[in-house]
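The values are calculated or read from the model by the stated rules, or taken from the named source; none is laboratory data. Just so it is clear, the model here is predicted, and its values are computed rather than measured. For neighbour counting, all protein chains shown are included, and Cβ atoms are generated from backbone atoms with ideal geometry for every residue, glycine included. We work out accessible area using only protein heavy atoms, side chains counted, and drop any ligands, DNA or RNA first. Shrake-Rupley method; radii C 1.70, N 1.55, O 1.52, S 1.80 Å.
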Amino acid sequence: MTTFPSRLDDGKSLTQLDRRIEAAVGHSIDRLWQHRDHGLLDEPHRRLVDAHRALVQAETSVTFYRSQLNSLSSGEYPVDGALFKRIERTVGLLEDAARARDERQAQAVAALTPVEAAARHNAPRDVPNLPAPDIAALLAITQGAKLHQNLLTQQLYVVTASGTRIPHSQMQRLEEDHLVVRDISHPVTAGQPVTLTGTGRAALTAPRPSTAPGAAAVPRPGTWPAAAPTRR
């Protein structure tokens, strides 16, 4: 998984486009990058994240050479021919880094434009408000999953790449909600691949409202964990 810098402690953005990107996607840059690493994004958003990562690297180079130039002009070094050569070399490197940054920024803007257009003009998707167990199941399925049938007991169950088992009843609900789809071209005895649909990915990446204080989530019928019995 890719390691990336978080927003600076003083609240400054990593690039000049961060605020526009967050407004277009509806959540933070950090979360967007995490969705990219987990394979939850469609092609336009993947292109946007890749372009933004390249821009962040270019901004880092600009910052590095600018800091180096500030150090050379701080008065710490004797003013002589060697200093002038170092300053000249650093200025050249800073110019190259700034040109590369401008190119990456133009590429990021090009990738951001269709995402902004979709956010403005597309109708909001009907994203179900899922309980925590279903969210956990969808996250497990993103890593790879198959629906199997036991030859002896005829029992159906989903096994994910991490080893998590998802009950068939829960799998059926996810299918009915159009959150997952299975490849029926494979026999269940060999394992039918299970993947997320566009609605399933949207359910994972959509911003979630915070729960009101004192409000308890009501589990859907058949989901785990079951509601605790009322104490008398």
How large is ³J(HN,Hα), in whole Hz, for each residue of the range 14-22 in order, when computed from phi with the Karplus curve 6.51 cos²θ - 1.76 cosθ + 1.60 and θ = phi - 60°, using x for Gly and Pro?
-> 6, 9, 6, 8, 4, 5, 5, 5, 5
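Beta carbons within 10 angstrom, averaged per residue: use that to sort the peptides 89-101, 147-159, highest first. Don't jump to the answer; show the numbers that get you there.
Numbers: 89-101: 15.6, 147-159: 13.8.
Descending mean neighbour count gives 89-101, 147-159.
How much accessible area per residue does the range 13-52 have, in Å², with a 1.4 Å probe? Intermediate values should be presented prior to the final figure.
Details: 1760 Å² over 40 residues.
Accessible surface, normalised per residue, equals 44 Å².
Pull out a ≥ b ≥ c, the square roots of the eigenvalues of the alpha-carbon gyration tensor of the range 69-194, then state rounded if a/c is under 1.5, prolate if not and a/b is larger than b/c, and oblate in the remaining case.
Judged from the Cα gyration tensor, the range 69-194 comes out prolate (a/c at least 1.5, a/b above b/c).
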